[in-house]
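**Student:** After the structure tokens below, expect a handful of questions from me.
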Amino acid sequence: MSTLKVNGIRHTGASSDAITTASDGTATAKLTEVSGGQLSHRNLIRNGGMRVSQRSTSNGSVGTGSGYPALDRWAYNIDLPGGVSNFTVSQETDAPDGGFAASLKITPNQSRSGSLSGADRVFIQHKLEAQDVRGSGWDYTDASKYMTYSFYIKSNLTGIVTVEVNAPDTSSSYQYYHETISISSANTWERKSIKIYGNANLVFNNDNDVGMVLNFHLMSGPTFNSGSLTTGSWHDNTSGNRSSSSNIDITSSSSNYVSLTGVQLEVGDMTKFEHISYGDDLQRCQRYYQKYTSISWRVYTANVHRSATPLAVRMRAGATVTKTYNNQTNYGTDNTGCSVGDMIQWDIQRSGASTGVVDNANGTLTFDSEL
């Protein structure tokens, strides 16, 4: 091994050094981008480090359907096979080295009976706003330009996992993109990555609706894998071509699990996971969901109690407001007024007695504006 000793590195046409070295072994560099992407805020994924879990740190009754069971911004899309009633999705402290503190874990509470059929599936999803993809700096209509999707994965299973990208604003002929990764070692954190190349037909609207859906296929039935899986290019939405016939099956045993963390989507080549503060992570998640506990209010003799609640951050769109009461006496219809602004106005309408005071302590307010 040899050592190159220089004071600086400069392009032949430049008037100053791009990298200047110092006698203490450090260097000063004039960087304009990192691996093809910007210097900060590279990661389009929200809660990629799995630290934020406003709803619950564990949900043991995740069944057929879709939604956000526990960790913020991480959804599921499930149609359960025979024998499996539900899953547990939880936030765990098990995580790879490198500054990680948490992971998402999913495990079936029962084992599958019989063979997979029809649209049986277990997909873990992350949804992005169209305007965030459109404005990310990715030249998505250029087939030579790409984004890199990277993540840490751990499972007792080994084998193929299909990674699916859906661009719903695009015509049906170019709506899906697939790659596969392989879990090589059981019960071991492994970092994987795929490249997502552009296509002249891609469309991402400049709005706050769903622009990209990223799916991990943890089990898929013949509806999704009976055709021919195309990888590395955008193709149509034929359902049978959406998953590998060799994909792992998390439902084959109640002892199976898959864990994820360090999920990153960035323009250009893969870089180290972009760690940010917990406060920044939480604020990014609160654009889609906010939860407040220990809320107290009082309803007096008037029939309607009205409150304007300030929000931590401006939400993506008009939110669904849910209120819980510890004291239900004389509470009637909830009339919720909701806006996109920095405050949400909501009413509690009394339908019972017209006099007296009704108290509530330690109530809960949630605001849901998920994609």
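**Student:** What does the charge dipole of segment 1-71 about its Cα centre add up to, to the nearest 20 debye, if the Cβ of each Lys and Arg holds +1 and the Cβ of each Asp and Glu holds -1?
**Tutor:** The dipole of segment 1-71 has a size of about 200 debye.
**Student:** Still on this structure: May I ask which residue of ASN205, ASN156, TYR146 lies farthest towards the positive end of the charge dipole of the chain, with charges of +1 (Lys, Arg) and -1 (Asp, Glu) on Cβ and the Cα centre as origin?
**Tutor:** Going by the charge dipole, the pick is ASN156.
**Student:** Among THR364, SER103, VAL34, flag the residue with its Cα farthest along the positive direction of the charge dipole of the chain, charges on Cβ as +1 for Lys/Arg and -1 for Asp/Glu.
**Tutor:** THR364
**Student:** Charges only on Cβ, +1 for Lys and Arg, -1 for Asp and Glu: so what's the dipole of the chain about the Cα centre, in debye to the nearest 20?
**Tutor:** In debye, rounded to 20, the chain gives about 440.
**Student:** Would you work out what percent of the accessible area of segment 1-150, with all protein chains in place, is carbon or sulfur (probe 1.4 Å)?
**Tutor:** 45 percent
**Student:** Another question about this same structure. Once you charge only the Cβ atoms, +1 for Lys and Arg and -1 for Asp and Glu, what is the size of the charge dipole of segment 140-282 about its Cα centre, to the nearest 20 debye?
**Tutor:** Charge dipole, segment 140-282, about its Cα centre: 480 debye, nearest 20.
**Student:** Highest mean first, what order results for 242-250, 196-204 on Cβ atoms within 10 Å?
**Tutor:** 242-250, 196-204
**Student:** Which whole-number value in Å² is the accessible area per residue of segment 127-206, probe 1.4 Å?
**Tutor:** Accessible surface, normalised per residue, equals 38 Å².
**Student:** With unit charges on the beta carbon (Lys/Arg positive, Asp/Glu negative), name the residue among LEU282, MET219, ASN241 whose Cα is farthest towards the positive pole of the charge dipole of segment 141-285.
**Tutor:** Farthest towards the positive end: MET219.
The values are calculated or read from the model by the stated rules, or taken from the named source; none is laboratory data. It should be emphasised that the depicted structure is a prediction, and the values quoted were computed from it without experimental measurement. Cβ: placed from backbone, ideal geometry, glycine included. Neighbour counts: every protein chain shown. When the accessible area is computed, the model is the full protein with side chains, heavy atoms only, and any ligands, DNA or RNA have been set aside. Shrake-Rupley method; radii C 1.70, N 1.55, O 1.52, S 1.80 Å.
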